[in-house]
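Peer 1: One structure is given below, represented as structure tokens, and several questions about it will come after.
Derivation of every value follows stated rules applied to the coordinates shown; laboratory data play no part. Predicted, not measured: the structure shown is a model, and the values here were computed from it. Here the Cβ positions follow ideal geometry from the backbone for every residue, glycine too, while neighbour counts run over all protein chains shown.
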Amino acid sequence: MKTRNKATILGVGTELTTGQIVNKNGSWISEKLIPYGIETSAHIVIPDHRELILKSLDYAASQSDFIFVTGGLGPTSDDFTRDLISQWSGQELVFDEASWGHVQVRLTSRGFTVKDIQRQQCYFPTGAKILTNSQGTANGFQLTVESAHGPKEVFVLPGPPREIEAIWNDSIVKWLFVHTQLFDKKITQSWDTLGVGESDVAVLVEKCFANKWPDLQYDLGYRVHLPYVEVKFSYMKSQENFAKAITEQIDSALKDITILRQFQDIAQIFSERVSKTDFAFYDFVSNGYLHGRMSSHLKKYKNWMWKESTTAIDADFFSEEENYLALLPHPDHDLKAIIMFNFDKTNKSIEIEAPMNSPLMSERRKQYFAEMALIEFVKNTLK
């Protein structure tokens, strides 16, 4: 079985290095490569500087078999990525009439005037495969480059994330599927735990290894994303039989504190459950944390209402209410809260207590209560 391959992702643009925008493209591409057995060895962000871009391409070639370049394919004078790829690869740029037709159709159909400056988006290195951009004017391209470090597969993409995703789904996914069949794929198991600190979780997990698996090559990591502590255990598919026993031991060690597995998001699950109904949220405890967890999902809802305050509505208010989730303060205990909900013929009131009792952890408690409101709702309403 072929060994793991590496990728380097280069983000081109002065707006990235000055902090004007964040390079989300790098993390998006890295995540998409994992199922194909390609591991990202480096993310590099480079300003619109010719010498630095060329040096970065040389470095990427020394580290990786695959190079993904994003940005710098537009029609202006600071868009010279294609010129530098041509120089670096030794392949002359040639004009592509089909791409020029693509630019004209896209612009005129939207009421824009086609300008001659936009012709520069239609030049590609000799031998490149053009990757049509259904969401923008600048097509990407793919080129095999014979570098000083051997042949490298180079994918050059525009900067806007929506355009990258379109090209990825239309062209790159198919290529990767065919050309990575023999790669040893990485498998990652994840556990999101709640209510126990990172060091306590680590003690539980690392007992599962205890010098019993010398032949297994693996990565073990922890990530705190409040209020969760995430555990990640990664191994190669070729060693899946070894890893199965460890996965089962971690499952057992964390069974009392595991809330989610395999990178699930409780807010996403909640949203899928109720997004097609009219729904009301009442939060009198978390001081915005519950809204923060749901804000990116609310646009999917047919009709929703949100009430947030430090003064709670009396519980009797909910006697006739349907399709709601309410988070209310406990009348006698600061470490407790009350979750009430009604949905799909399930009507419940649940009292929960935060495991963190220090006065210095009041914000952590609010996060905990917000998360538990979603968790208890999903747990009690999923059929």
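Peer 1: Return the whole-Å distance between the Cα centroid of region 128-173 and the Cα centroid of region 83-121.
Peer 2: Here the two parts' Cα centres lie 14 Å apart.
Peer 1: If you take the charge dipole of the chain about its Cα centre, with +1 on Lys and Arg Cβ and -1 on Asp and Glu Cβ, which of Thr193, Phe209, Gln367 is farthest toward its positive end?
Peer 2: After comparing all options, I get Phe209.
Peer 1: In addition: Which FRET efficiency value, to the nearest 0.05, is calculated for Val94 and Ser238 with the Förster distance at 45 angstrom and r the Cβ-Cβ distance?
Peer 2: Numbers: r = 43 Å, r/R0 = 0.95.
After rounding to 0.05, the efficiency reads 0.60.
Peer 1: Report the gain in length on full extension from Lys55 to Lys276: 0.36 nm times residue separation, minus Cα-Cα distance, nm rounded to one decimal. Spell out each step's value before the answer.
Peer 2: Values: separation 221, 0.36 × 221 = 79.56 nm, distance 5.15 nm.
Contour length minus Cα-Cα distance gives 74.4 nm.
Peer 1: Classify region 5-179 as rounded, prolate or oblate from the Cα gyration tensor: take a ≥ b ≥ c as the square roots of its eigenvalues, call it rounded if a/c is under 1.5, otherwise prolate when a/b beats b/c and oblate if not.
Peer 2: Working: a/c = 1.44, a/b = 1.39, b/c = 1.03.
Note, shape of region 5-179 comes out rounded.
Peer 1: Hey, another quick one. Rounded to the nearest 0.05, what FRET efficiency do Lys129 and Thr18 have when you use their Cβ-Cβ distance and R0 = 22 Å? Kindly include the intermediate steps, with their values, before the conclusion.
Peer 2: Numbers: r = 33 Å, r/R0 = 1.49.
The computed FRET efficiency comes out at 0.10.
Peer 1: For region 186-261, go through all pairs of different Cα atoms, get the mean of 1/r, take its inverse, and jot down that Kirkwood value in Å.
Peer 2: Details: mean 1/r = 0.0799 Å⁻¹.
Its Kirkwood hydrodynamic radius stands at 12.5 Å.
Peer 1: On full extension of the chain, what length is gained from Trp175 through Ser27, given 0.36 nm per residue of separation minus the C-alpha to C-alpha distance? Please report the intermediate quantities before stating the final value.
Peer 2: On the way: separation 148, 0.36 × 148 = 53.28 nm, distance 2.00 nm.
Net length gain for the segment: 51.3 nm.
Peer 1: So, R0 is 51 Å and r is the distance between the beta-carbons of Ile34 and Phe317; what FRET efficiency does that work out to, to 0.05? It would help to have the intermediate numbers written out before the result.
Peer 2: Numbers: r = 47 Å, r/R0 = 0.93.
Efficiency, rounded to the nearest 0.05: 0.60.
Peer 1: Report the label-to-label distance for Thr346 and Asp334 in nanometres (one decimal), using points 7 Å from each Cα along the Cα→Cβ vector.
Peer 2: In this crude label model, Thr346 to Asp334 measures out at 3.3 nm.
Peer 1: Return the whole-Å distance between the Cα centroid of region 198-220 and the Cα centroid of region 307-356.
Peer 2: So the two Cα centres are separated by 39 Å.
Peer 1: Stretch Asp256-Met361 to full length: gain in nm at 0.36 nm per residue minus the Cα-Cα span? Numbers along the way, then the final one.
Peer 2: Values: separation 105, 0.36 × 105 = 37.80 nm, distance 2.23 nm.
Computed gain between Asp256 and Met361 is 35.6 nm.
Peer 1: Set Lys and Arg Cβ to +1 and Asp and Glu Cβ to -1, take the dipole of the chain about its Cα centre, and tell me which of Phe233, Leu33, Thr346 lies farthest positive.
Peer 2: Going by the Cα projections, it comes out as Leu33.
Peer 1: Under the rule a/c < 1.5 gives rounded, and otherwise a/b versus b/c splits prolate from oblate, where does region 266-381 land using the Cα gyration tensor? Write out the running numbers ahead of the final one.
Peer 2: Working: a/c = 1.75, a/b = 1.41, b/c = 1.24.
The shape class here is prolate.
Peer 1: Among DSSP beta bridges whose residues both lie in the chain, state the antiparallel percentage, nearest 5. Don't jump to the answer; show the numbers that get you there.
Peer 2: Numbers: 47 of 76 bridges.
Beta bridges within the chain, antiparallel portion: roughly 60 percent.
Peer 1: Next up: So for the pair Leu216, Val105, with labels modelled 7 Å out along Cα→Cβ, what separation do we get in nm?
Peer 2: 5.3 nm
Peer 1: Can I ask one more? For the charge dipole of the chain, defined by +1 on Lys and Arg C-beta atoms and -1 on Asp and Glu C-beta atoms about the Cα centroid, which residue among Asn287, Ala148, Leu16 has the Cα displaced farthest towards the positive pole?
Peer 2: Value computed over the given set: Ala148.
Peer 1: Okay, moving on. So what's the back-of-envelope 222 nm ellipticity for the chain, counting only DSSP H runs of four-plus at -39500 (n - 2.57) apiece and dividing by all residues, rounded to 500?
Peer 2: Values: 12 runs with 121 residues, N = 383.
So the calculated ellipticity at 222 nm is -9500 deg cm²/dmol.
Peer 1: In whole percent, what relative contact order does region 186-261 give with Cα contacts below 8 Å and a gap of six or more residues?
Peer 2: Numbers: 107 pairs, mean separation 37.3, N = 76.
49 percent.
Peer 1: Here is a further query. Of all DSSP beta bridges in region 186-261, what percent run antiparallel (nearest 5)?
Peer 2: Working: 20 of 20 bridges.
Just about 100 percent of them are antiparallel.
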